[in-house]
Amino acid sequence: MTLLADKLTKKIDDWRREAKDLLEIGQDKIISEVSVAQIYGGMRGIRALICDTSRVPQDEGLIIRGIRLNELVDKTPEEIFFLLLTGDLPSTEELKQLSFEIKKRKNIPAYVWDVLKSMPKDSHPMAMLGTAILVMQKESVFAEKYETGLKKEDYWKATLEDALNIVAKIPAIAAGIYRLKFNKGDIISPDPEMDWTGDYVHMLGINNSEDFKDLMRLYLVAHCDHEGGNVSALTTQTINSALSDLYYSLSGGFNGLAGPLHGLANQESLKWIIEIIEKFGGTPTHDQLREIVWETLKSGKVIPGYGHAVLRITDPRFEAFLNFGKKHFPNDPVFLTVSRLFEVVPVELKKVEKIKNPWPNVDAASGSLLYYYGLKEFSYYTVVFAVSRSLGLTAQAVVNRAMLFPIIRPKSITTRFVKELVS
Ligand code: CMX
C-alpha cells in the first residue's frame with residue numbers, strides 16, 4: 001500500500017467515527033432554514049452539503065483544508081492534491097511517492113486521440129476535454145471492481161485509483177487538445193521524468209521558460225477547489241453519488257465548468273479586455289474603461305471576472321495573479337488594462353444595487369497572464385482551469401466515497417406548493 005493510501009486508511013477511520021458520533025449526538029439539530037427567495041434564487045446560502053477539502057468564507061476566500069490560499073501559493077499541485085485528499089501537506093517521502101504514482105500513470109490510451117481527432121474542427125476545447133474523460137470510462141477501476149463485487153467500505157480505494165489515473169493523464173490530454181484544436185503540430189508525449197506542471201507546459205509546446213512554469217504552477221494551485229456547492233463540484237458529486245464512476249462524474253462536472261457564468265468567464269474576460277484594447281488602440285484610460293463598463297452593463301451583459309455567488313471581497317486568487325503580473329510584467333498592455341479595470345469596475349458596480357459583490361473573482365486576471373506567455377487562444381483557458389479543478393473534484397469524490405455518503409436526492413416542490421404556503 002502507498003503512503004497516501006496508508007494515511008487515508010487511518011484518517012478515514014477517524015472521519016467515519018467522528019461523523020457517527022456527530023450524528024448520534026446532533027442528528028436533529030437544524031443547520032439551515034430554506035426561504036422562498038432561496039428556492040427561486042439558485043439555492044444560494046442553503047447549507048446542505050458536507051465538503052472538507054476546502055471552504056470559501058465570503059469575507060476570506062479559498063481556504064484549503066484549513067490553510068489560506070496565500071500561504072499555499074509556493075506549493076506544487078502534487079502537494080496540494082495530497083493536502084486535499086488527506087488534510088495534511090505531504091512529508092518529503094509521501095510527496096516523492098505520490099509524484100512517482102502520478103508519473104507512472106501518464107500514458108494516454110491511443111483511442112482517446114482517435115476520438116478527439118474525429119470530432120468536428122469547431123468543437124469547443126471543453127467539449128473535447130469532457131469527451132476525452134468520458135471515453136476513458138472503460139478504464140475505471142471502480143466500475144470494474146464494483147461489477148465483480150466490492151465492499152462499500154472499500155469503494156474509496158477504487159475511487160482513489162481512478163482519481164490518480166485521471167489526475168496523471170489530464171495534463172497530456174489537455175495539452176493534446178490544445179495542439180489538435182489550434183493546429184500546433186504533432187501531439188507531444190508525456191515525459192515520465194517531469195513533474196505535473198512541468199510536463200503540462202512541455203506538452204503544450206508554447207513556452208518552456210521557468211517563468212511560465214511558475215505561473216502555471218500558481219494557476220494549477222489556485223483553481224484546484226472551491227468548496228462543494230459550485231456548479232462543477234455539485235454536479236460531479238451528484239453524479240458520483242449514484243455510484244457512477246469518476247470518469248462519468250468528472251466529465252459531467254466539466255460540462256458545468258464550461259458555462260460562461262462559471263469557468264468560461266476567464267475566456268470571456270480576456271476576450272472583453274482585448275476588444276477594449278483594440279477599440280481604443282492601446283491601454284485605455286480610466287475614463288475610457290468607465291465608459292466601456294457602462295456600455296457593457298447597458299447592453300445587458302455581465303462584466304466578466306467580477307461578482308461571485310459566495311465571495312464578498314476581492315478574490316485572493318485574483319490577488320495572487322495580480323501580484324504575479326506586477327512582479328513579472330507590470331507594463332504589459334493587457335495586464336495594465338486588468339490592473340486599471342480593478343481600479344474602475346468595483347467603483348462602478350457598487351452603483352448597481354442588485355449586484356451583491358462588485359469585486360473581481362479569479363477569472364478577471366488569470367487569462368491575461370496566460371496570454372502574456374503566448375497562450376493566446378481564449379477558448380482554451382477553461383481547459384487549464386479544468387486541469388487544476390480535477391485535483392479538487394477527484395479528491396472530493398474520494399472523500400465522499402470514504403464517508404459512505406448516500407445518493408444525493410433533495411426534494412423538489414411545485415409552484416402550487418409555494419402558492420399555498422405564501423397565501
Ligand atoms: N456584471 C453585471 N451584472 C452582474 C455581475 C457582473 N459582474 N455580477 C452579478 N450581476 C447581476 C446578476 O446577473 C444578477 O442580475 P439579475 O438579477 O438581473 O439576473 C444580479 O446582479 C444579482 O447577482 P448576484 O446575486 O450579485 O450574483 P449571483 O450569485 O447571482 O451570480 C455570478 C454570481 C458569478 C454568476 C455573477 O456575479 C456573474 O455573472 N459574474 C460575471 C461572470 C463571472 O465572472 N463568473 C465567474 C465566477 C467564478 C466561477 O465560478 O468560476
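When SER249, SER269 are checked against the criterion of being farther than 27 Å from PHE212 by Cα, of a type in the set (Ser, Thr, Tyr) and within 26 Å of the chain's Cα centre (by Cα), a single residue qualifies: SER249. State whether one or more residues within the range 278-287 are within 16 Å of the ligand (Cβ to nearest atom), over 20 Å from LEU369 (Cβ atoms) and either surrounded by fewer than 20 Cβ atoms within 10 Å (Cβ to Cβ) or aromatic (Phe, Trp, Tyr) (or both). Looking for residues that are within 16 Å of the ligand (Cβ to nearest atom), over 20 Å from LEU369 (Cβ atoms) and either surrounded by fewer than 20 Cβ atoms within 10 Å (Cβ to Cβ) or aromatic (Phe, Trp, Tyr) (or both), one finds none in the range 278-287, hence no. Test GLU94 against the criterion of being of a type outside the set (A, V, I, L, M, F, W, C), surrounded by 14 or more Cβ atoms within 10 Å (Cβ to Cβ), assigned to a helix (DSSP H, G or I) and in contact with a Lys or Arg (Cβ under 9 Å, 6 or more places away or on another chain), and give yes or no. Taking the combined requirement at face value, the residue satisfies it. Any residue at all in the range 201-220 that is within 16 Å of the ligand (Cβ to nearest atom) and under 18 Å from the mean Cα position of the chain (by Cα)? For the range 201-220, residues within 16 Å of the ligand (Cβ to nearest atom) and under 18 Å from the mean Cα position of the chain (by Cα): present. Restricting GLU18, GLU33 to those that are surrounded by 11 or more Cβ atoms within 10 Å (Cβ to Cβ), of a type in the set (Asp, Glu) and more than 21 Å from LEU393 (Cα to Cα) reduces the list to GLU18. Selection within the range 195-220: residues that are in contact (Cβ under 8 Å) with a residue 40 or more places away in the chain and assigned to a loop (DSSP other than H, G, I, E, B). The member of this set that is farthest from LYS169 (Cα to Cα) is SER209.
In the range 360-384, the residues that are under 23 Å from PRO346 (Cβ atoms) and in contact (Cβ under 8 Å) with a residue 24 or more places away in the chain form Cβ pairs under 6 Å with partners that are more than 16 Å from the ligand (Cβ to nearest atom) and of a type in the set (A, V, I, L, M, F, W, C), at six or more places apart or across chains, as follows: SER368/VAL334; SER368/PHE335; LEU369/LEU215; TYR371/VAL334. Scanning the range 322-370 for residues that are outside any helix (DSSP H, G or I), out of contact with any Lys or Arg (no Cβ under 9 Å at 6 or more places or on another chain) and more than 11 Å from the ligand (Cβ to nearest atom) gives PHE329, PRO330, ASN331, ASP332, LYS350, LYS351. Scanning the range 214-250 for residues that are in contact with a Gly (Cβ under 6 Å, 6 or more places away or on another chain) and surrounded by fewer than 22 Cβ atoms within 10 Å (Cβ to Cβ) yields VAL231, THR235, ILE239.
Read-outs throughout are calculated quantities, based only on the coordinates presented, and are distinct from any laboratory measurement. This is a predicted model, so every value here is computed, not measured. Positions of Cβ are backbone-derived with ideal geometry, glycine not excepted, and every protein chain shown enters the neighbour counts.
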